[in-house]
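Reading through the structure tokens given below for one structure.
Please treat every number below as a calculation from the coordinates, not as lab data. Note that the coordinates shown come from a computational prediction; the quantities given were computed from them, not determined experimentally. All Cβ positions, glycine included, derive from the backbone under ideal geometry; neighbour counts span all protein chains shown.
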Amino acid sequence: MTSETGGEGRSCVHTGWSRTRPPVVARTAGVLSVFVSFVVCLTVYVQNVRSDEPQAAETSESTAVPGSQPKFRTELIRGQIIWLAEALKSQFGISTVPEAAENSLAILTGDGQLLPIVENLRGRAFRKDERLRGKDMEILTRRYDQQPLIQVLRVYQLDQGKRYEVDYWCDVCAIVMYETGPCACCQDDNRLRQRLVEDDDAAGAERVNGDGKTDK
Ligand SMILES: [Zn+2]
């Protein structure tokens with residue numbers, strides 16, 4: 001039996017059924033399969049994966065006018081992300097009920113500020129992956145004037161004076177994700193990715209260094 005699977009290439013939707021069809025049908029199905037996979041991956045990428053990308057990382061203030069969008073500022077905050085209940089206890093001696101232990105996450109800065117975070121896709125990454133908790137980080141954030149929760153835009157881990165951007169990656173589909181788990185496209189496990197940051201790609205964000213000092 002001849003094999004006609006050579007032209008299929010790598011795809012993130014693994015149907016496999018085209019291998020047993022006649023060559024022309026198999027080839028057409030293969031092309032269709034790759035095309036559908038591409039569209040599915042692209043849709044997932046655009047709609048879900050990139051939805052939390054910072055849109056104003058280069059500006060430290062929104063340009064909102066009164067009556068339109070709420071005002072926010074973009075800050076690069078240095079600290080560790082830990083459970084809020086744990087930090088309330090260790091920093092302030094405030095006890096919480098047992099069921100609140102893993103309710104919320106917060107950034108604890110070096111000078112003891114406790115900043116609760118929004119649990120969106122980027123925030124939930126710290127719940128789902130303990131490798132991210134309790135580590136020295138720089139978090140690019142958005143903070144609105146009218147509400148206390150901090151929105152995580154990008155995550156950098158600090159290690160021996162170097163800075164690594166942290167996200168999750170699927171080697172098969174070559175797409176980025178923001179939390180550990182199955183790939184949004186092919187469902188294979190993604191992997192934690194740490195990329196050395198040479199340039200200051202968060203330039204323009206206000207810096208909260210956790211040493212009691214805030215600078216631009
Ligand atoms: Zn994948």
Item to complete: Give the Kirkwood hydrodynamic radius (Å, one decimal) of the stretch 89-157, defined as one over the mean of 1/r across all pairs of different Cα atoms.
Response: 13.0
Worksheet entry | Rounded to 5, the percent of DSSP beta bridges in the stretch 72-215 classed as antiparallel | 90
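If you stretched the chain out fully between Phe92 and Tyr144, how much longer would it get, using 0.36 nm times the residue separation minus the C-alpha to C-alpha distance?
Answer, rounded to one decimal: 16.3 nm.
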Worksheet item: In nm, to one decimal, how far is the modelled label at Val176 from the one at Val197, with both set 7 Å along Cα→Cβ?
Response: 1.1
Fill in: Prolate/oblate/rounded label for the stretch 72-215 (Cα gyration tensor, a/c 1.5)
oblate
